[in-house]
């Protein structure tokens, strides 16, 4: 028979002490959260009869996860980041805030401070010329009535042909494949870039180690991340997952949603390529975004999640 003591008054008092309820210092909010973590952890240990070996293996795993900087990757892979989107969707629906481009996960690979351009920009540094397929990406930022939003900021980032992101991949130049574009009077943004590749978790990393134990793969489809913002409108965090990818609807991070599939067209016509100023096969992708009106100044801002910041010249 399993002995269960976690719900006794003595243990509950012990956890309250461990969570700092015996003093008036620190953060009341964190104390509340930590108490729940301790209580629920104890209940899991009891209910699932977690052994000492399993417990300390989990502690070691968390150390290795943090050491590799993969906690943000794991929460995406376990669906927790997607759950936050679903929860916010439900809250919005409850108060009648509907319409516009769907939100989806940010992921762990954003870097703040990308170069800012007006209307149009080239995103790649040319290092994959002859290897990558040139991609022309454009679209408009609109309100819920379909009217263009001039002066919106389209902050976008994506991987290279190896599925790697600048800053995290030190072989790439600063802010390669990362830009911010201010929309023109018609709400339009334009970017010349390259067709990105999807990526997989490091096979030797702790995230894939966990996924292996769950019988799951760690692959993502090719995709492009976006922050869209404009004064008077609700900030949008989203991404386009590219059509035709084998993992389009089997994304280990659960980011693909209806309304967020980018239809990529590959063009083989030499005259069209010449008109675009390129040679050979290229890709075109058009995608419009619709923003909800902001209900408050806070609505216009993205979350305060900690993010990387490129140090110029580093």
Q: Name the shape class, rounded, prolate or oblate, that the alpha-carbon gyration tensor gives for region 205-313, where a ≥ b ≥ c are the square roots of its eigenvalues, rounded holds for a/c under 1.5, and otherwise prolate holds if a/b is larger than b/c and oblate otherwise.
A: oblate
Q: Determine the relative contact order of region 33-164: mean sequence separation of Cα pairs under 8 Å and six or more apart, normalised by residue count, in whole percent.
A: 16
Q) What shape does region 67-129 have by the C-alpha gyration tensor, where a ≥ b ≥ c are the square roots of the eigenvalues, rounded means a/c under 1.5, and otherwise prolate means a/b greater than b/c and oblate the rest? A) oblate
(Q) Helix 52-67 against the longest principal axis of the chain: what's the angle in degrees, Cα atoms only, rounded to the nearest 10? (A) 30
Q.
What is the angle, in °, between the Cα long axis of helix 80-94 and the longest principal axis of the Cα atoms in the chain? Nearest 10 is fine, range 0 to 90.
A. 80
Q | Computed over the chain: relative contact order in percent, which uses C-alpha pairs under 8 Å that are six or more apart | A | 20
Q. Which angle between 0 and 90 degrees, to the nearest 10, do you get for helix 28-47 versus the longest principal axis of the chain when only C-alpha atoms count?
A. 70
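Taking R0 as 51 Å, what FRET efficiency do you get between residue 45 and residue 248 from their Cβ-Cβ distance, rounded to the nearest 0.05?
Here the calculated transfer efficiency is 0.85.
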Q) Got the relative contact order for region 165-232 handy, in percent, Cα pairs under 8 Å and 6 or more residues apart? A) 21
Q) Going by how many other beta carbons lie within 10 Å of each one, how would you line up 123, 34, fewest first? A) 34, 123
Q: Pop the C-beta distance of residue 87 and residue 305 into the FRET formula with R0 = 25 Å and round what comes out to the nearest 0.05.
A: 0.95
(Q) From the helices alone, meaning DSSP H stretches of at least four residues, give me the mean residue ellipticity at 222 nm for the chain, per-run term -39500 (n - 2.57), in deg cm²/dmol to the nearest 500. (A) -8000 deg cm²/dmol
Q: Would you kindly state how much longer the chain becomes between residue 258 and residue 52 on full extension, computed as 0.36 nm times their sequence separation minus their alpha carbon distance, in nm to one decimal?
A: 69.8 nm
Q: Provide the gained length on full extension for the span residue 270 to residue 18, in nm with one decimal, where the gain is 0.36 nm per separating residue minus the Cα-Cα distance.
A: 83.7 nm
Q) When the Cα atoms of the chain are enclosed in a convex hull and the volume is divided per residue, what value in Å³ results? A) 183
Q | Scattering curve values for region 1-160, log₁₀ I(q)/I(0), Debye with Cα scatterers, q = 0.15, 0.17, 0.19 Å⁻¹ | A | -1.13, -1.28, -1.40
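Sorted by mean Cβ packing within 10 Å, highest first, what order do the peptides 213-219, 49-55 take?
Per-residue mean Cβ counts within 10 Å order the peptides as 213-219, 49-55.
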Q: Sort 193, 6, 303 so the one with the fewest other Cβ atoms within 10 Å of its own Cβ comes first.
A: 303, 6, 193
Q | Cα-Cα separations in region 96-207 greater than 16 Å, expressed as whole percent | A | 65
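Kirkwood Rh, region 9-50, all Cα pairs: how many Å?
10.7
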**Q.** Radius of gyration and maximum dimension Dmax of region 46-92, Cα, Å
**A.** 14.8, 43
Q) Is the shape of region 1-73 best called rounded, prolate or oblate, per the rule: a/c under 1.5 gives rounded, else a/b larger than b/c gives prolate, else oblate, with a ≥ b ≥ c the square roots of the Cα gyration tensor eigenvalues? A) oblate
Q: Treat each spin label as a single point 7 Å out from the Cα along the C-beta direction, and report the residue 170 to residue 2 distance in nm.
A: 4.6
**Q.** Residue order, fewest to most surrounding Cβ atoms within 10 angstrom, among 103, 68
**A.** 68, 103
Q. What is the calculated FRET efficiency for residue 33 to residue 182, with r their C-beta to C-beta distance and R₀ = 45 Å, to the nearest 0.05?
A. 0.70
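Read the figures in this text as sums done on the coordinates, not as results from a lab. What you see is a predicted model; the values in this text were computed from it and never measured. Here the Cβ is made from the backbone with ideal geometry for all residues, glycine too, and neighbour counts use every protein chain on show.
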